Structures are given as structure tokens and as C-alpha cells.
Amino acid sequence: MKLIEALIQLLGPDAVLQTEADMAGFTEDWRGRYRGVAACVVLPSSTEQVAAVVSVCVQYGTAVLPQGGNTSLCGGAVPDEAQAPPVIVSLNRMRKVRSIDAANNSMVVDAGCVLAAVQQAAVEARRFYPVSLGAEGSCQIGGTIATNAGGTGVLRWGGTRENVLGLEVVLPDGTIWDGLYALRKNNTGIDLKHLFIGAEGTTGIITAATLKLHPLPTSHAMAWFAPTDPQAAVEVLGLFQARCGSQLSAYEMMDARQLNLVLAHVAGRRDPLASPHPWHVLVELADTADAATLDQALQDVLELASERGLLSDAVLASTEAQRAALWEVRHSVSEANKKAGMGLTTDCAVPVSAVPTFITQATEAVRALVPDMPVAVVAHLGDGNAHFIPFYSFEQWKALPDQEAAAQAVRHAVNEIAHVLGGTFSAEHGVGRTQLAEMRSYKSAVELRLMRTIKQALDPEHRFNPGRLLPSE
């Protein structure tokens, strides 16, 4: 095949994977729900090589699928069986931290850098990169930017979009845009980086990024408590915001079913509280102030919440090991749910005040379709992002005559509740292919037209990650 020969000549035989076995980790998503066929997988080691690969694909009329850590939850990073096999461009070999400017609170990294490695490099420079999520040990910076990843730090520091200063991108025609600005102010026209953040690789391949850093928090105070219900959790959030302001760095909620799935399916995880409770919240304060100040603020709010009957139990992390153990419970959700059954993960965001109503009404809507359907809830409550997850057992799932239609009906029922409450169907996971129908349902004709205009301008041949993000007209 001339395409493969050209790529081998460009990159060398060890950087072009062709066999099914070698490509297996690239053509199937990590949950085993999506798989396809690729022409090959290429492993460029520089931006110039990425550009050269794209130019070869243009020459041979082949689609390009950019791939980071392949941790997508919506089918956005693996080939589609219904489409012609693309060339998967993996950035696994592009993992340099190019520079750190502590005085400017910025760092430049290759897009293939694993998120956890970026976080650690920042810490070593006494700085902090705040984007944090369960897949941070395997997801790559380029992928987090392409999907505008959220995570547990959005409440205080914002999502990925707020923490990217500049980008380097290979465009669909093979040219390179060097936009690695490290500026907070740059009012020189359209801010082009936003054409690629959240675009899921449909407008260009992100090869490097300038990231915004923050002062490294040197003190933390954390608690795990049991609110009486979601409405009480919202009220306690207000107490923390009033007492602690910007020191409040995380506020995560899950129900008993979600906690029990973690305890049952992930080794070494323990219930932080001594007895069962229907709802749980992890709260963390972080600052450069002394630890005693944070501890006192945490205790003050929890005592006030208890006096008002808003919580029934709480435990404070008194050591770094205890703090890490609490975060491990929260970050084990995806691993547990993968093993527990066919969870139809939704990614809705609604106003924080509407989260309790959303949970109640979404539960009613799902069970109107599937009576007594189990539901797990895990929410970034501080920013209104609630992952409402109806579950089929693996046996029930296999017995469904039309799995795709069943999943779409359940997800749409949940998304419709979010829409009515002024929310969205995708807060942080992206669109991929799972949510294409919802794009058509909930994005206005004007919005879709504008997005298609941008796609057409940058990628008129629709070569980059086809069939993702934008539904067909």
C-alpha cells in the first residue's frame, strides 16, 4: 500500500503500526464499547513529523484521527466501523516539558504529555496545574484540551479552556500554526486557540500547549461528610463559599449506590464513614495559608451545618495519607462503573441550585422507561455538573434487541430534564459520536451552522476525525 510505504519512509518502520495486535490499544476504547479499523497507527516524535504525516494523508486522500490517551467516554477517539479506515496519529512519543516560566506562571508542554506528569512538573517548580480528573494517569494534555476537560478543580480554577494560554497546531492542510503565546493579554483579533479547544480534533491536531500555572497550595483541609440529601449538600456548599471564599477548591457529591460500586469493584477502597448513608460529599480547602487556619474554617462550617441539621456524620482527613485515600475513592468511580455493568453515563450540567431537582426528575424519567432501573449519581456539585448514570446489568444489556436505541432513549430522557432546567447534555466529556443525536436535538440551527462554517473553512475535505462532534446535515 503506497500510503503505508510513504509513512514508513517518513517515520521509520518502528513508528508505523500495521498489525491488528499492534493497533489493538488504539482501535478500541478503554471501556471496550467502541472499536473500529485503522489503516495504520503512526507515532511521530515532533510537530514537524505530525505535519508531514498530515501532508501524506492529504496526498492519498486518507482520513486522520488524532488520538491522545484514548480515555474518551463518548467514542471520540477510536475509528468508526462504518467509515473508511483512517490513519491514527498518536502523540505517545511527544512527551517533552519544553519549558517552565515560574515568574510568568506558565509552562510549555508537548501534547503527548500525560496529565499527571504535567502536574508533577509544575509541583517541582513550586507551581500548580489545576486540571485534575480520574484518568489523569493516562490521559494526555492534547486530549484534555481537544475535549475541554473539566474534572474536580473547576469550582475554583476553571476548566481546561481557562488554563490554556496558547497552542501549537497542525492544520488539516499540513501547515503548522505556532500560537504558543504565554500572555494574559493579547487583544489582536480573534483568539484562534478557541477554534481547537473542545473541537475534538476536528479542526486540527494540537501538538503543544502553553498552560497557565497557579501558586502551589501548601496547605489542605479535607472532609468527607454525609448530607441529609442533595438539597442539604447545596446549602452546605453555600456555607463553605460564604466562610472560605476562594479557599474552597473541591466539592464532590455521590450517592450510596455509587460509593458501594467503588467499594465492591476497586480493591483497597473503604467507606470513609462508620455507617451507611444515602449521600456523601468530599470537600477540600486549599491555600498557601497555614494548615491550622484551613482546619479551623473546615470545622466551623461542618459544625454550623450539623447544628442546622444539614449533615448526619463527617470525618476529617488529619494526614496526607488520609487525604489521598479520600481522593482515591472519588477517582475510582470510572474504574468501578466499568466493572459493575453497562452504565449509561450522562454528563449534564445545570445551575447548582437545580441539581437536586435534576436528580429527582431524571430518576423519574428513566424509571418511566425502565421500571426500577438502578441509578448511580456522582456530581461535581460545586459547578453543577452531575453524572447521572442509569445501569443495565451485563446480562440485561446483552438481551436487549436494540442496544443503541435503548441507550439513546434513556440518555435522552435524562438530557431532556437538564435542558428544561436550563442545562446542557455535555459538560466535560465532549460529544464524540455518542452525543451526535443530542447535538441535533439541543443545539440551535444557528449554532450548528456557525460550527459547520468553521469546520468547512479549516477542513474542507472533512479529513480530520470525521463523524465526530458535528451531526451530518
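The values are calculated or read from the model by the stated rules, or taken from the named source; none is laboratory data. If you're wondering where the values come from, they're calculated on a predicted model, not measured in any experiment. Ideal geometry is used to build each Cβ from the backbone, glycine not excepted, and the neighbour counts take in all protein chains shown.
Quick look at the values:
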| item | result |
| --- | --- |
| The listed residue being buried (at least 20 other Cβ atoms within 10 Å of the Cβ), in contact with an Asp or Glu (Cβ under 8 Å, 6 or more places away or on another chain), at pLDDT 95 or above and in the same structural domain as Phe225 (by TED's automatic domain parsing), out of Leu316, Leu310 | Leu310 |
| Selection from segment 328-357 of residues that are under 23 Å from Asp271 (Cβ atoms) and assigned to a strand (DSSP E or B) | Gly343 |
| Members of segment 423-449 found to be surrounded by fewer than 18 Cβ atoms within 10 Å (Cβ to Cβ) and of a type in the set (Asp, Glu), listed by number | Glu447 |
| Any hit, segment 362-371, residues being closer than 29 Å to Ala146 by Cβ and either out of contact with any helix residue (DSSP H, G or I) (no Cβ under 8 Å at 6 or more places or on another chain) or of a type in the set (Gly, Ala, Ser) (or both) | yes |
| Residues satisfying the stated conditions in segment 120-152, i.e. in a loop (DSSP other than H, G, I, E, B) and more than 25 Å from Thr434 (Cβ to Cβ) | Ala125, Arg126, Tyr129, Pro130 |
| Test result for Leu155, modelled with pLDDT of 95 or more and in a strand (DSSP E or B) | no |
| Tally of residues being surrounded by fewer than 13 Cβ atoms within 10 Å (Cβ to Cβ) and either of a type in the set (Ser, Thr, Tyr) or not assigned by TED's automatic domain parsing to the domain that holds Glu416 (or both) across segment 371-404 | 1 |
| Selected residue (criterion: nearest to Val108 (Cα to Cα)) from residues of segment 177-189 that are more than 26 Å from the chain's Cα centre (by Cα) and not charged (D, E, K, R) | Asn186 |
| Test: Arg257 is in contact (Cβ under 8 Å) with a residue 12 or more places away in the chain, surrounded by fewer than 24 Cβ atoms within 10 Å (Cβ to Cβ), touching an Asp or Glu at 6+ places or on another chain (Cβ under 7 Å) and not assigned by TED's automatic domain parsing to the domain that holds Gly134 | no |
| Odd one out for Leu167, checked against (1) of a type outside the set (Ser, Thr, Tyr); (2) buried (at least 21 other Cβ atoms within 10 Å of the Cβ); (3) assigned to a helix (DSSP H, G or I) | (3) |
| Residues within segment 161-186 that are out of contact with any strand residue (DSSP E or B) (no Cβ under 9 Å at 6 or more places or on another chain) and either closer than 29 Å to Glu252 by Cβ or at pLDDT below 95 (or both), tallied | 1 |
| Criterion (outside the structural domain of Leu237 (by TED's automatic domain parsing), touching a residue at least 60 places away in the same chain (Cβ under 8 Å) and crowded, with 23+ Cβ neighbours inside 10 Å) met by exactly one of Val366, Val352, Val414 | Val414 |
| Residue ID - farthest from His387 (Cα to Cα), chosen from residues in segment 152-176 that are of a type in the set (Gly, Ala, Ser) and under 23 Å from the mean Cα position of the chain (by Cα) | Gly166 |
| Segment 100-132, residues that are of a type in the set (Val, Ile, Thr) and within 17 Å of Asn148 (Cα to Cα) | Val109, Val114, Val118, Val131 |
| Check on Arg452, surrounded by fewer than 18 Cβ atoms within 10 Å (Cβ to Cβ) and modelled with pLDDT of 95 or more | yes |
| For Glu48: the one exception among (1) in contact (Cβ under 8 Å) with a residue 60 or more places away in the chain; (2) touching a helix residue (DSSP H, G or I) at 6+ places or on another chain (Cβ under 9 Å); (3) acidic (Asp, Glu) | (2) |
| Residues within segment 174-191 that are in contact (Cβ under 8 Å) with a residue 24 or more places away in the chain and touching a Gly at 6+ places or on another chain (Cβ under 9 Å), tallied | 4 |
| Test: Ser106 is closer than 29 Å to Val164 by Cβ, of a type in the set (Ser, Thr, Tyr), in contact with an Asp or Glu (Cβ under 9 Å, 6 or more places away or on another chain) and touching a residue at least 60 places away in the same chain (Cβ under 8 Å) | no |
| So Ala111, is it crowded, with 24+ Cβ neighbours inside 10 Å, under 30 Å from Arg31 (Cβ atoms), outside the structural domain of Ala386 (by TED's automatic domain parsing) and hydrophobic (A, V, I, L, M, F, W, C) | yes |
| All strands (runs of 3 or more DSSP E) inside segment 210-327 with 1 or more residues being farther than 30 Å from Glu168 by Cα and acidic (Asp, Glu) | 248-255, 279-287, 311-317 |
| Residue that is nearest to Met342 (Cα to Cα) [pool: residues in segment 20-45 that are in contact with a helix residue (DSSP H, G or I) (Cβ under 7 Å, 6 or more places away or on another chain) and outside any strand (DSSP E or B)] | Arg31 |
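For (1) over 21 Å from Thr319 (Cα atoms); (2) touching a helix residue (DSSP H, G or I) at 6+ places or on another chain (Cβ under 9 Å), each residue gets a yes or a no:
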{"site": "Gln258", "(1), (2)": "yes, yes"}
{"site": "His265", "(1), (2)": "yes, yes"}
{"site": "Arg270", "(1), (2)": "no, yes"}
{"site": "Ala274", "(1), (2)": "no, no"}
{"site": "Trp279", "(1), (2)": "yes, yes"}
{"site": "Leu282", "(1), (2)": "no, yes"}
{"site": "Thr288", "(1), (2)": "no, no"}
{"site": "Ala292", "(1), (2)": "no, no"}
{"site": "Asp295", "(1), (2)": "no, no"}
